[in-house]
1. Run down 127, 155, 151 and say which single residue is modelled with pLDDT under 95 and closer than 23 Å to residue 77 by Cα.
2. On the basis of being closer than 20 Å to residue 71 by Cα, more than 15 Å from the chain's Cα centre (by Cα) and not in a loop (DSSP other than H, G, I, E, B), does residue 129 make the cut?
3. Could you list, in sequence order, all residues of segment 153-164 that are farther than 16 Å from residue 101 by Cβ and crowded, with 16+ Cβ neighbours inside 10 Å?
4. Hey, any hits in segment 6-14 for a residue that's in contact with a strand residue (DSSP E or B) (Cβ under 7 Å, 6 or more places away or on another chain), more than 29 Å from residue 67 (Cβ to Cβ) and assigned to a helix (DSSP H, G or I)?
5. Tell me which of these residue 50 doesn't satisfy, since it passes every other one: (1) touching a residue at least 24 places away in the same chain (Cβ under 8 Å); (2) not in a loop (DSSP other than H, G, I, E, B).
6. Going through segment 153-166 one residue at a time, which ones are in a strand (DSSP E or B) and within 11 Å of the ligand (Cβ to nearest atom)?
7. Any residue at all in segment 3-12 that's over 21 Å from residue 116 (Cβ atoms) and without any contact (Cβ under 8 Å) to a residue 60 or more places away in the chain?
Ligand SMILES: CC(=O)SCCNC(=O)CCNC(=O)[C@H](O)C(C)(C)COP(=O)(O)OP(=O)(O)OC[C@H]1O[C@@H](n2cnc3c(N)ncnc32)[C@H](O)[C@@H]1OP(=O)(O)O
């Protein structure tokens, strides 16, 4: 039986070595070069911006706008639905898949981190890490300075308040905020008035 590659281990949510594996290093270098190019494009060059993101991401559907600077690790693990918007300074560490639904709005300075490292310093220093997929549903608004941790799913029609650290799954149709992020209340008909 052939040994699994580090990339295969990553897709299977196993510990893998991202620091010293040539395939992953090369893929990150390619991705960083595209991010570099993207972040230096004039804002008026809408066509070039769109083309670069389509080259970088695993999947795009319909319209999207991503304000620079934008940084990710691999790009091919990111999928966005229609009408996706990310404000400035969005950072996506996509060692594993990260899938956004339709009509997702992301405020400035947000981080979506699929990746983490062992707590044991020796294993961490050896370059080991893990990556668990993140999923963000349809019609989700993520406030400024939010961090979403590995393995989290956020349901449809939910609002994550500014400054939250989302450590666990958040259901559909709620306002949630805080560190750690907790459900505060449901979004109700009364909310249509504002
Ligand atoms: C896509 C873009 O670029 S968007 C631009 C960037 N904008 C943002 O990031 C704004 C994000 N908005 C928020 O975080 C908002 O506070 C929301 C949407 C969560 C507000 O939700 P609401 O239900 O209207 O909350 P409301 O303002 O009535 O506050 C209720 C209580 O929660 C507190 N609160 C509100 N938001 C937060 C938060 N993010 N973190 C901690 N506490 C909060 C309030 O202080 C208030 O506390 P109190 O009852 O002790 O007075």
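1. Numbers: 155 fails: modelled with pLDDT under 95; 151 fails: modelled with pLDDT under 95.
Checking each option against the conditions leaves just 127.
2. Details: closer than 20 Å to residue 71 by Cα: yes; more than 15 Å from the chain's Cα centre (by Cα): yes; not in a loop (DSSP other than H, G, I, E, B): yes.
Yes.
3. Scanning segment 153-164 gives 161, 164.
4. Scanning segment 6-14 turns up at least one residue that is in contact with a strand residue (DSSP E or B) (Cβ under 7 Å, 6 or more places away or on another chain), more than 29 Å from residue 67 (Cβ to Cβ) and assigned to a helix (DSSP H, G or I).
5. (1)
6. As a first pass, look at segment 153-166 and keep what is in a strand (DSSP E or B): 153-154, 159-160, 165-166.
Within segment 153-166, 159, 160, 165 meet the criteria.
7. yes
To keep it simple, each residue is scored yes or no on (1) crowded, with 18+ Cβ neighbours inside 10 Å; (2) away from the ligand (no atom under 12 Å from the Cβ); (3) in a loop (DSSP other than H, G, I, E, B).
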{"position": "138", "(1), (2), (3)": "no, yes, yes"}
{"position": "151", "(1), (2), (3)": "yes, yes, yes"}
{"position": "168", "(1), (2), (3)": "no, yes, yes"}
{"position": "176", "(1), (2), (3)": "yes, no, no"}
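The values are calculated or read from the model by the stated rules, or taken from the named source; none is laboratory data. The structure displayed is predicted, hence computed values, not measured ones. Because the Cβ atoms are built from the backbone with ideal geometry, glycine has one as well, and the counts that use them run over all protein chains shown.
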